[in-house]
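The values are calculated or read from the model by the stated rules, or taken from the named source; none is laboratory data. Source: prediction; values computed, not measured. Quick reminder, even Gly has a Cβ in these numbers, built from the backbone with ideal geometry, and neighbours come from all protein chains shown.
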Amino acid sequence: MKATDWEVVIGIETHAQLATCSKIFSGAATAFGSEPNSQACAIDLALPGVLPVLNREAVACAIRFGLSVGAQIAQKSIFARKNYFYPDLPKGYQISQFEHPVVSGGGIVIPLENGEEKQIRLTRAHLEEDAGKSLHEDFHGKSGIDLNRAGTPLLEIVTEPDMRSAREAVAYARALHALVRWIGICDGNMQEGSFRCDANVSVRPRGQREFGTRREIKNLNSFRFMQQAIEYEVRWQIETLEDGGTIRQATVLFDPDTGQTRAMRSKEDAHDYRYFPDPDLLPLSIGEDWIANIRAEMPELPAQLAQRFQNEYGLSSYDANTLTANRETAQYFLDAVSAAGAALAKPCANWIMGEIAARLNREEREIAESPVRPQQLAGLLTRIDDGSISNNIGKKVFDALWNKEGESADAIIAAQGLKQLTDTGAIEAMIDEVLAANARSVEEFRAGKEKAFNALVGQVMKASKGQANPGQVNDLLRKKLQG
Amino acid sequence: MINASLSELSRALSAGHISSVELTQEFLRRIARLNPTLNAFITVDEEKSLAQARAADAALSAGTAGPLTGIPVAQKDLFCAKGWLTTCGSKILSNFVSPYDAAVVERLNEAGMVCLGKTNMDEFAMGSSNETSFYGPVRNPWDTGRVAGGSSGGSAAAVAARLAPVATGTDTGGSIRQPAAFSGLCGLKPSYGIVSRWGMVAFASSLDQAGPMARSARDCALLLNAMAGFDPRDSTSIERAPEDYCRELDAPAADPAKPLAGLRIGLPREFFDDTAPCDPQTSAAVAASIEELRRLGAQTIELSLPNVRHGISAYYVIAPAEASSNLSRFDGVRYGWRAPDYSNLEDMYCKTRAQGFGAEVKRRVLIGAYVLSHGYYDAFYLQAQRIRRLIAADFAAAFTQCDLLLGPTSPDIAFALGEKTDDPVQMYLTDIYTIAVNLAGLPGISIPCGFAQAGEKSLPIGLQLIGNYFSEARLLNAAHRYQQATDWHTRIPEGIE
């Protein structure tokens, strides 16, 4: 019997904390890591009689997101109450959007392994408030409640079940993560919970139209865990079905220590949230002019920019996508190219993705903190390009720039005497000395050993302390040996 | 002084005939003497009141006083007042001292008024007789064997018994107008959005509105001047230019004998026919008041509000639905009363809410949770919202033909304590004329229009006038002209001197 060919179906819900200064319905601050309950005002505590007032900036973030994914921005959307009891939910309901979300549709393009691209469709994105946190340690059998996070604005972004592998799911999550940071609506800090993904996973025999029963993996707070959790879950579902079992709809948690998912609650325990429109808030109206203003201030999006890098600078799709992984890198590249000239775009890209990325990585720094500024990099690449220095000397100059030994490549080249030697007479003199001192190599070359030629080139370069133009050395040496 | 109007009090204070401290002390003495019988106040704090009075006296002598400076006011106990116990008539808030002021409290404080205390009310404003209060029922000053109405029963009894010159109330389905009618007062429920709900403990957010309770339309207007105003903290507050609600009251009439000439009053058939059977004495008093208004120059027009008959049904879906959610915050976790013994979190929730809420509150929370639950939402909640829109459309159509609508405030006079407590539906029906006004968000006022004989006692009858959105000034003017021609509102209950 032929084994069933299973198809994996994944949809993702992401809670992105919006980078507003204050909460979505109160004036309390949203900074992370403050003393428990020091950022919870009367509204966040749900004292009797308090009322919510919508934070305009949170709405602007939602509009920015909608525009960046080509979605519909609803002219009128409704805030609804999602009712359930939990100690870190002070009002006994969460203000969210249910039937009429602020953003509908749109999509995000992800790169596939085969070099092609795939569009992941978005169902919706809606605004809601975060809950507080229950702290179960250090309270001697009791639980503590920290309401600092209660009321932090969230944009919940929901996809269609368009992903077909853990890898695609992670590619989507990475693309979304890059996008929300790019447009400045979320800091993307996954450790602090600013960007939290839930994955709905099901499997079905390939060719079957109906979806399998899905299980939802909650709170995947790193891309690595997401990949592991989905892979484990898929294996588990396939094994369960192949062993004749059935999948029951459930919410599961991923345990990074065991690498396994385990059921938290089944559908039977599902709450009836008794959604209804929040009578304390008017319908959210978004006028065309507001959308137009935000559209005018939108940065060029990563996909557009990557395309432009390919068209204008002849970069490969891979390079263009790497340079647009975040806004700071793209800006660094643009600044370097603007100083060096478009002709040097490719070396700019190579150095940013090579030398600079490696250094930053080693020192755990962000590109915005790079000691070598884009203009300095441009100056260095210009000198390599015009032959003033070799590529190898270039790396030396780069080191000196990184270590702040000089203000510019030119200054370092001058101060350290690194300018490339191009004077034919001087090079010929060095060649003569080397030939005189290496009679054996000369013999070997004449006997037909090409390797011996390279050894001689090396000797000349060494004699010039690396400053001789390698091309010139090659030409002159060959001429002499053959002459 | 206890029978003086706000304007008279203001003049006496400005002229130095009496100080705010003296005036406050006089009312505090009356509260000490009469409150044990009437149970109108839940909390009195003489020191706090006198401190405010002293500050008012300082403002009066400094010449920085406004028209209400130094005048005492009683606050319904669902307005949060900083440092005051704020119970909402419930055990679950029986230990809640508010750390902040409601917008209404803030505004009256800024106006220099002196808070005399927090008045009794039906628990979370759910009731029509003030019998659901954890603090016991309020007794009607006109007959202490009868209810004062509800939910603002404490405010009504306090003003009627001259324990306060004026009081605040809130009205979700008639909670200002019905107790005003039962107690011989003038009570105004303003247009939804006129008075900020910030700091008002929510019952049904889309219906709740605060308003003044006083002995005359003019006093209502003066207090509303201080209460109303846009508040960015309440998203349903309406941004409008400030109004002087007294402005029409003193405008000279072209024909002094007919000050209401040109006013068209609509008489909705449904307020007078069998759909809402009315006590005969109430019907007769209302009929007489129509005659009086015609004498004052008003025209009357018969018309129909065909969907108003569904008001009670729609209200008892929408209000409990909102309440079930609004009251979820009273969970024993952060503040308020918590059951003393529990085994785990769920047990704590269950016991706190089972023991902390009274029967009527629990009934409405259950109804509300039911009508919002999956599978019932469309049939109940959405249907009720449709009815609500139809009712609003009925009123809108009516106001193309007339300026005001008129009818009884309640089908009956104040009933005996305990008379309706076993039959919630009978209790709900006492609000049959008032509820539609809340559903539509319109302003409505109840004014005394006569007295009914009940045994040896005489009990007040209320007349309701309903206006179009933001027509409070016109509504108050009609009430004021009627009160200039009649003396029902000047009568004083026996035994409170």
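Structural remarks
- Within the range A:338-387, the set of residues being farther than 12 Å from residue A:402 by Cβ and basic (Lys, Arg) comprises A:346, A:383.
- Selection from the range A:157-182 of residues that are surrounded by 19 or more Cβ atoms within 10 Å (Cβ to Cβ) and not in a helix (DSSP H, G or I): A:157, A:159, A:162, A:163
- Scope the range A:60-99; condition buried (at least 18 other Cβ atoms within 10 Å of the Cβ) and assigned to a strand (DSSP E or B); matching residues: A:73, A:77, A:79, A:80, A:81, A:82, A:83, A:93, A:94, A:95, A:96, A:97
- One residue stands out in the range A:103-117 among those that are touching a Lys or Arg at 6+ places or on another chain (Cβ under 9 Å) and assigned to a loop (DSSP other than H, G, I, E, B): the one that is modelled with the lowest pLDDT, namely A:113.
- Unmet criterion (only one of (1) assigned to a strand (DSSP E or B); (2) farther than 23 Å from residue A:131 by Cα) for residue A:217: (2)
- Listed by first and then second residue, the pairs linking a residue in the range B:228-244 that is more than 10 Å from chain A (Cβ to nearest Cβ) to a residue that is of a type outside the set (Ser, Thr, Tyr) and not in a loop (DSSP other than H, G, I, E, B), with Cβ atoms under 7 Å apart and 6 or more places separating them unless they lie on different chains, are B:229/B:107; B:243/B:473; B:244/B:225.
- When A:188, A:151 are checked against the criterion of being within 29 Å of residue A:52 (Cα to Cα), under 21 Å from the mean Cα position of the chain (by Cα) and of a type outside the set (D, E, K, R), a single residue qualifies: A:188.
- Number of the condition not met by residue B:425 [criteria: (1) surrounded by 23 or more Cβ atoms within 10 Å (Cβ to Cβ); (2) not in a strand (DSSP E or B)]: (1)
- Looking across the range B:338-379, the residues that are in contact (Cβ under 8 Å) with a residue 40 or more places away in the chain and either among the β-branched types (Val, Ile, Thr) or within 11 Å of chain A (Cβ to nearest Cβ) (or both) come down to B:352, B:353, B:361, B:365, B:367, B:368, B:369, B:371, B:372.
- Among residues of the range B:303-328 that are in contact (Cβ under 8 Å) with a residue 12 or more places away in the chain, those with a Cβ under 8 angstrom from a residue that is hydroxyl-bearing (Ser, Thr, Tyr) and part of a helix (DSSP H, G or I), sequence gap 6+ or separate chain, pair up as B:312/B:428; B:316/B:428; B:317/B:381; B:318/B:381; B:321/B:381.
- The range B:19-30, residues that are out of contact with any strand residue (DSSP E or B) (no Cβ under 6 Å at 6 or more places or on another chain) and farther than 15 Å from residue B:59 by Cβ: B:22, B:25, B:26, B:28, B:29, B:30
- Test for residue A:145: is it within 14 Å of another protein chain (Cβ to nearest Cβ), among the β-branched types (Val, Ile, Thr), touching a Ser or Thr at 6+ places or on another chain (Cβ under 9 Å) and touching a residue at least 40 places away in the same chain (Cβ under 8 Å): yes
- Residue match in the range B:215-224 (condition: within 14 Å of another protein chain (Cβ to nearest Cβ) and not hydrophobic (A, V, I, L, M, F, W, C)): no
- Of all the numbered requirements in (1) closer than 24 Å to residue B:477 by Cα; (2) in a loop (DSSP other than H, G, I, E, B); (3) within 14 Å of chain A (Cβ to nearest Cβ), residue B:401 misses one, and that requirement is (3).
So that you can scan it fast, the table gives a plain yes or no per residue for (1) in a strand (DSSP E or B); (2) at positive phi; (3) away from every other protein chain (no Cβ under 13 Å):
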position: A:11; (1), (2), (3): yes, no, yes
position: A:14; (1), (2), (3): yes, no, yes
position: A:20; (1), (2), (3): no, no, yes
position: A:45; (1), (2), (3): no, no, no
position: A:48; (1), (2), (3): no, no, no
position: A:58; (1), (2), (3): no, no, yes
position: A:101; (1), (2), (3): no, no, yes
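- From B:169, B:153, B:145, B:149, residue being away from every other protein chain (no Cβ under 14 Å), over 16 Å from the mean Cα position of the chain (by Cα) and small (Gly, Ala, Ser): B:145
- Against the conditions (1) within 14 Å of chain B (Cβ to nearest Cβ); (2) of a type in the set (Gly, Ala, Ser); (3) crowded, with 16+ Cβ neighbours inside 10 Å, residue A:107 satisfies every one except (1).
- Of the criteria (1) within 14 Å of chain A (Cβ to nearest Cβ); (2) within 26 Å of residue B:11 (Cα to Cα), which one residue B:200 fails: (2)
- Scanning the range A:397-423 for residues being surrounded by 14 or more Cβ atoms within 10 Å (Cβ to Cβ) and either modelled with pLDDT of 95 or more or hydrophobic (A, V, I, L, M, F, W, C) (or both) gives a total of 11.
- Just so you know, in the range A:295-324 the residues that are within 14 Å of the chain's Cα centre (by Cα) and polar (S, T, N, Q) include one that is surrounded by the most Cβ atoms within 10 Å (Cβ to Cβ), and it is A:324.
- Any hit, the range B:189-196, residues being within 14 Å of another protein chain (Cβ to nearest Cβ), under 13 Å from the mean Cα position of the chain (by Cα) and within 22 Å of residue B:86 (Cβ to Cβ): yes
- Residues of the range A:253-294 that are surrounded by 12 or more Cβ atoms within 10 Å (Cβ to Cβ), within 30 Å of residue B:232 (Cβ to Cβ) and either away from every other protein chain (no Cβ under 14 Å) or of a type in the set (Asp, Glu) (or both): A:278, A:280, A:286, A:290, A:291, A:293, A:294.
- Residues that are away from chain A (no Cβ under 14 Å), part of a loop (DSSP other than H, G, I, E, B) and charged (D, E, K, R) occur in the range B:156-166; there is at least one.
- Annotation: of all residues in the range A:224-255 being outside any loop (DSSP other than H, G, I, E, B) and free of Cβ contacts under 8 Å to residues at least 24 places away in the same chain, the one that is farthest from residue A:6 (Cα to Cα) is A:255.
- Each residue in the range B:444-468 was checked for being out of contact with any helix residue (DSSP H, G or I) (no Cβ under 9 Å at 6 or more places or on another chain) and either hydroxyl-bearing (Ser, Thr, Tyr) or not in a strand (DSSP E or B) (or both), and 3 of them qualify.
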